[in-house]
Amino acid sequence: VGASITPLAGGRESDWEASCLIREGRYFYLFVNNGLCCKGLNSTYYIVVGRSESPLGPFVDQSGRKLTEGGGTVLLRSQGTKLGPGHVGLLRDGKKLITSVHFYDASDEGKSKFALINLKFKNAWPLLTWE
């Protein structure tokens with residue numbers, strides 16, 4: 001009762017879902033998925049991020065574009081046989097940051113798989129890469 005809703009991402013008729021908000025240093029990072037999930041070999045999911053000094057935003061990408069205006073720095077997308085990666089989850093193990101993601105394996109008939117990927121930062125921006 002009395003709570004207000006503040007849009008943090010979306011716009012430009014994009015599909016946005018599976019958000020994850022974390023704090024690292026002075027910034028809050030909002031990881032969001034865009035594209036179509038759960039379509040196996042036809043999945044177009046990919047992970048974007050924006051950052052803000054406040055958990056309520058505004059969140060902007062590396063070019064300064066707001067996530068509410070369709071912005072978002074692409075962090076992880078389909079590569080090779082790993083299709084439609086999505087849904088960041090974070091595990092802190094001491095100083096090591098590990099993210100969980102799901103994807104569809106083109107080398108295994110598009111079956112859904114799970115991966116753990118190290119999360120790193122460069123110039124206060126997160127990096128996710130398939131290893």
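The values are calculated or read from the model by the stated rules, or taken from the named source; none is laboratory data. Bear in mind the structure is a predicted one, so any value in this text is a computation, not a measurement. So basically every Cβ, Gly included, is an ideal-geometry build from the backbone, and we count neighbours across all protein chains shown. Surface areas here come from the heavy atoms of the whole protein model, side chains and all, with no ligands, DNA or RNA. Shrake-Rupley method; radii C 1.70, N 1.55, O 1.52, S 1.80 Å.
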Which of the following residues is in contact (Cβ under 8 Å) with a residue 40 or more places away in the chain, assigned to a loop (DSSP other than H, G, I, E, B) and either hydroxyl-bearing (Ser, Thr, Tyr) or open to solvent by 60 Å² or more (accessible area, probe 1.4 Å) (or both): 41, 36? 36
Among the residues of the range 66-103, count how many are over 16 Å from the mean Cα position of the chain (by Cα) and of a type outside the set (Ser, Thr, Tyr). 7
Which of (1) in a strand (DSSP E or B); (2) more than 13 Å from residue 20 (Cβ to Cβ); (3) within 13 Å of the chain's Cα centre (by Cα); (4) among the polar types (S, T, N, Q) is the odd one out, the single condition residue 129 does not satisfy? (1)
Determine if the range 72-82 includes at least one residue that is open to solvent by less than 20 Å² (accessible area, probe 1.4 Å) and among the β-branched types (Val, Ile, Thr). no
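Can you say whether residue 25 is closer than 16 Å to residue 126 by Cβ, modelled with pLDDT of 90 or more, over 15 Å from the mean Cα position of the chain (by Cα) and not hydrophobic (A, V, I, L, M, F, W, C), as far as the supplied structure shows?
Yes: the conditions hold for residue 25.
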Go through the range 104-126 residue by residue and tally those that are within 16 Å of the chain's Cα centre (by Cα), without any contact (Cβ under 8 Å) to a residue 60 or more places away in the chain and either open to solvent by less than 80 Å² (accessible area, probe 1.4 Å) or more than 23 Å from residue 60 (Cα to Cα) (or both). 6
Show the residue pairs that are 6+ apart or on different chains and have beta-carbon atoms under 9 Å apart, the first residue being within the range 8-21 and over 15 Å from residue 56 (Cβ atoms) and modelled with pLDDT under 75, the second being open to solvent by 50 Å² or more (accessible area, probe 1.4 Å) and assigned to a loop (DSSP other than H, G, I, E, B). 15/36; 15/44
Condition first: open to solvent by less than 80 Å² (accessible area, probe 1.4 Å), farther than 15 Å from residue 21 by Cβ and touching a residue at least 24 places away in the same chain (Cβ under 8 Å). Now tell me which residues in the range 44-65 satisfy that. 44, 45, 46
Test for residue 57: is it more than 22 Å from residue 113 (Cβ to Cβ), in a strand (DSSP E or B), in contact with a Leu (Cβ under 6 Å, 6 or more places away or on another chain) and of a type outside the set (A, V, I, L, M, F, W, C): no
